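A.B. asks: Quick one: this structure, given as structure tokens, is what I'll be asking you about.
The values are calculated or read from the model by the stated rules, or taken from the named source; none is laboratory data. Just so you know, these numbers come straight off a predicted model, no measurement behind them. So basically every Cβ, Gly included, is an ideal-geometry build from the backbone, and we count neighbours across all protein chains shown.
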């Protein structure tokens, strides 16, 4: 099932999610470094990483919602997508709470802010896996014409015009 929102032939949601995932998980790493050495600068770095990660989450969410709305009702993909999106909303709220509890840098973060970010990171592992299940297992956001010899998404000819090459490793089902 192809994505409804594309940029240069690729799903926008799948392009944008790397930013909140990377930034928010890196914020947690800096929180852990802060806990190890009590350096307020590490707390300041985490503060700004969380802020940037939240911007990324707010940018990716509408595109994921648009793709989810296009999934046929009553399917496993629709249910997994609802869990993925709802879980990511909770992840975003946990990190937003963490960010709001943090003092202006370079002050140290309170324990509750750290716990919220750790909980958000743990839940993001689950919702990230659900996103992978949607794409890799259920084909959501994947071109209907995808195959190992498909032309570039920037090509003027569609993937359907290039016949798929026989794949000797593929087994009939």
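A.B. asks: Can you tell which of 77, 121 is touching a helix residue (DSSP H, G or I) at 6+ places or on another chain (Cβ under 8 Å) and either within 18 Å of residue 23 (Cα to Cα) or exposed (fewer than 15 other Cβ atoms within 10 Å of the Cβ) (or both)?
C.D. replies: Only one candidate passes the filter, namely 121.
A.B. asks: Considering region 131-154 alone, what residues qualify as being crowded, with 18+ Cβ neighbours inside 10 Å and under 13 Å from residue 87 (Cβ atoms)?
C.D. replies: 131, 134 - these are the residues of region 131-154 that are crowded, with 18+ Cβ neighbours inside 10 Å and under 13 Å from residue 87 (Cβ atoms).
A.B. asks: Considering 131, 141, which residue is on the phi > 0 side of the Ramachandran plot and either in contact with a helix residue (DSSP H, G or I) (Cβ under 6 Å, 6 or more places away or on another chain) or part of a helix (DSSP H, G or I) (or both)? Quick ask: steps written out before the conclusion?
C.D. replies: On the way: 131 fails: on the phi > 0 side of the Ramachandran plot.
Criteria check complete, one pass: 141.
A.B. asks: State the number of residues belonging to region 12-31 that are under 13 Å from residue 47 (Cα atoms) and either surrounded by fewer than 16 Cβ atoms within 10 Å (Cβ to Cβ) or in contact with a strand residue (DSSP E or B) (Cβ under 9 Å, 6 or more places away or on another chain) (or both).
C.D. replies: 1
A.B. asks: Now, a different point. Go through (1) touching a strand residue (DSSP E or B) at 6+ places or on another chain (Cβ under 8 Å); (2) buried (at least 22 other Cβ atoms within 10 Å of the Cβ) and name the single condition residue 47 misses.
C.D. replies: (1)
A.B. asks: Related question: Among what's in region 5-21 and is in a helix (DSSP H, G or I) and in contact (Cβ under 8 Å) with a residue 24 or more places away in the chain, pick the residue that is farthest from the chain's Cα centre (by Cα).
C.D. replies: Checking each candidate, the answer is 12.
A.B. asks: Scan region 100-121 for residues that are part of a helix (DSSP H, G or I) and under 16 Å from residue 54 (Cα atoms) and jot them down.
C.D. replies: Matches in region 100-121: 100, 101, 113, 114, 116, 117, 118, 119, 120, 121.
A.B. asks: Now a separate question. Examine region 77-85 for a residue that is assigned by TED's automatic domain parsing to the domain that holds residue 113, more than 19 Å from residue 117 (Cα to Cα) and in contact with a strand residue (DSSP E or B) (Cβ under 9 Å, 6 or more places away or on another chain), and state whether such a residue exists.
C.D. replies: No, that holds for no residue.
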